[in-house]
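K.L.:
Shown below is the structure under consideration.
The values are calculated or read from the model by the stated rules, or taken from the named source; none is laboratory data. Computed from a prediction, not measured in an experiment: that's the story for all the values here. Note that each Cβ is placed from the backbone with ideal geometry, even for glycine, and that neighbours are counted across all protein chains shown.
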Amino acid sequence: MSLDPKIVAILNVTEDSFSDGGLYLSPKAAIAHAEALIGDSADILELGPASSHPDAAHVTAADQIERLRPVLAALNRKSTPLSVDATDTDVLRFALEHEVSFVNDVRGFGDKSLYPDLAASSASLVVVHSILGEERATRDAATVERVLESIDRFFSKRLNELVCAGVAENRLIVDPGMGFFLGANVETSIAVLRGIEGLRRKFNRPVFISVSRKSFLRKVTGRSTDELSAATLAAELFAAAQGAAFLRTHDPRSLRDGLMIQSALA
């Protein structure tokens, strides 16, 4: 059980992210929001230059880099570790060149041409599982059994490939995916949350969980995306109790408060 996970605050510099697209696209707005997130107890800031939901528009690598460049330049002067959530090889390479502390790839680092750069860097890698292994989530109606088998097969293969390529094992973090990354079946996300401790034990790596405002919470509660604060916090606290080491969230202040109460009760 982990009641003190790292809080990873989401900073989307995008036009069409499902909950805050367009709000922080300008560098000025992004930097101001980053400072607010830091003030709200974020341990890590994660910048996303392109959305990955099923209906997201394609954004070129060049445009993603231009979205990131001024924000990284400003935030690199602060002490809070930075992460970049991207899947395009050129964008990930740009992030590594700017010495971010984490890179997060929803395709799970499938491009082997990037492996020498990953091995040479010191960044931690958030290796994300997706049922189709693509850069966007999917509405595929996968069964729980299929998803759990996919997670096991994916991490067994990909973690070994990265270690064999020279990436130190202690830099690897596993993210089983959540919401549409596991397909359209609500039960898959619930089953994966219940299995966090087993995932951690099997692969002996920290587990990274991102449930904030996800579609499965909307389906369970019947609430709209902007009404999911309570559902999000409940799922995040459950993930912490199951042993998640990193929680990626839109609302770090509420999560920090919840973790403090959970710890006090424990």
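K.L.:
Restricting region 198-223 to residues that are of a type in the set (D, E, K, R) and without any contact (Cβ under 8 Å) to a residue 60 or more places away in the chain, which is farthest from residue 237 (Cα to Cα)?
P.N.:
202
K.L.:
Looking at (1) modelled with pLDDT under 95; (2) in contact with a Lys or Arg (Cβ under 8 Å, 6 or more places away or on another chain); (3) not small (Gly, Ala, Ser), which is the one condition that is false for residue 246?
P.N.:
(1)
K.L.:
Of everything in region 162-189 that's part of a helix (DSSP H, G or I) and surrounded by fewer than 16 Cβ atoms within 10 Å (Cβ to Cβ), which residue is modelled with the lowest pLDDT?
P.N.:
Filtering first and then ranking leaves 187.
K.L.:
Moving on. So is residue 251 surrounded by fewer than 17 Cβ atoms within 10 Å (Cβ to Cβ) and out of contact with any strand residue (DSSP E or B) (no Cβ under 7 Å at 6 or more places or on another chain) or not?
P.N.:
no
K.L.:
It is to be established whether one or more residues within region 65-82 are at pLDDT below 90 and crowded, with 17+ Cβ neighbours inside 10 Å.
P.N.:
no
K.L.:
Ok, one more. Can you name the residue in region 222-247 that is of a type in the set (Gly, Ala, Ser) and part of a helix (DSSP H, G or I) and, of all such residues, is surrounded by the fewest Cβ atoms within 10 Å (Cβ to Cβ)?
P.N.:
For region 222-247, the residue satisfying everything is 230.
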